[in-house]
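The values are calculated or read from the model by the stated rules, or taken from the named source; none is laboratory data. What you see is a predicted model, and the numbers here were worked out from it, not measured in a lab. Counting neighbours? That spans all protein chains shown, and the Cβs are built from the backbone with ideal geometry, glycine included.
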Amino acid sequence: MIPRADDARVVIYSRPGCHLCEAAEELIAEICADTGDSWARVDITTSDELVSAFTEQVPVTFVDGRQHDFWRVDPVRLRTALNRAP
């Protein structure tokens with residue numbers, strides 16, 4: 001089971017030094033600021049389980065506990081997901 005971070009509505013699993021992760025985090029922060037939703041970052045390098053699950057797919061985005069995207073964040077798709085009730 002993949003842990004959620006602080007019960008945030010949007011969780012991004014990333015690793016340090018990942019340029020795709022940095023871009024995704026900026027976009028998620030901007031969208032969540034607009035929508036008022038919470039988000040959290042989880043560094044996959046802190047857990048062997050997370051490294052095993054996501055190492056080739058980071059960044060991986062979850063919305064309401066379900067995997068939403070990987071590698072890139074589609075802003076339209078993310079906003080649509082956040083407009084649905086959790």
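Summary of computed values
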| read-out | value |
| --- | --- |
| Odd one out for ALA29 among (1) of a type in the set (Gly, Ala, Ser); (2) within 13 Å of ALA8 (Cβ to Cβ); (3) at pLDDT below 95 | (3) |
| Hits in region 38-67 (condition: surrounded by 19 or more Cβ atoms within 10 Å (Cβ to Cβ) and either under 10 Å from the mean Cα position of the chain (by Cα) or within 16 Å of ALA8 (Cα to Cα) (or both)) | TRP39, VAL42, VAL58, PRO59, VAL60, THR61, PHE62, VAL63 |
| Test: residue in region 9-16 that is more than 10 Å from the chain's Cα centre (by Cα), in contact (Cβ under 8 Å) with a residue 12 or more places away in the chain and either surrounded by 15 or more Cβ atoms within 10 Å (Cβ to Cβ) or in a helix (DSSP H, G or I) (or both) | yes |
| Residue that is nearest to PRO16 (Cα to Cα), among those in region 26-81 that are of a type in the set (Lys, Arg) and either in a strand (DSSP E or B) or without any contact (Cβ under 8 Å) to a residue 40 or more places away in the chain (or both) | ARG41 |
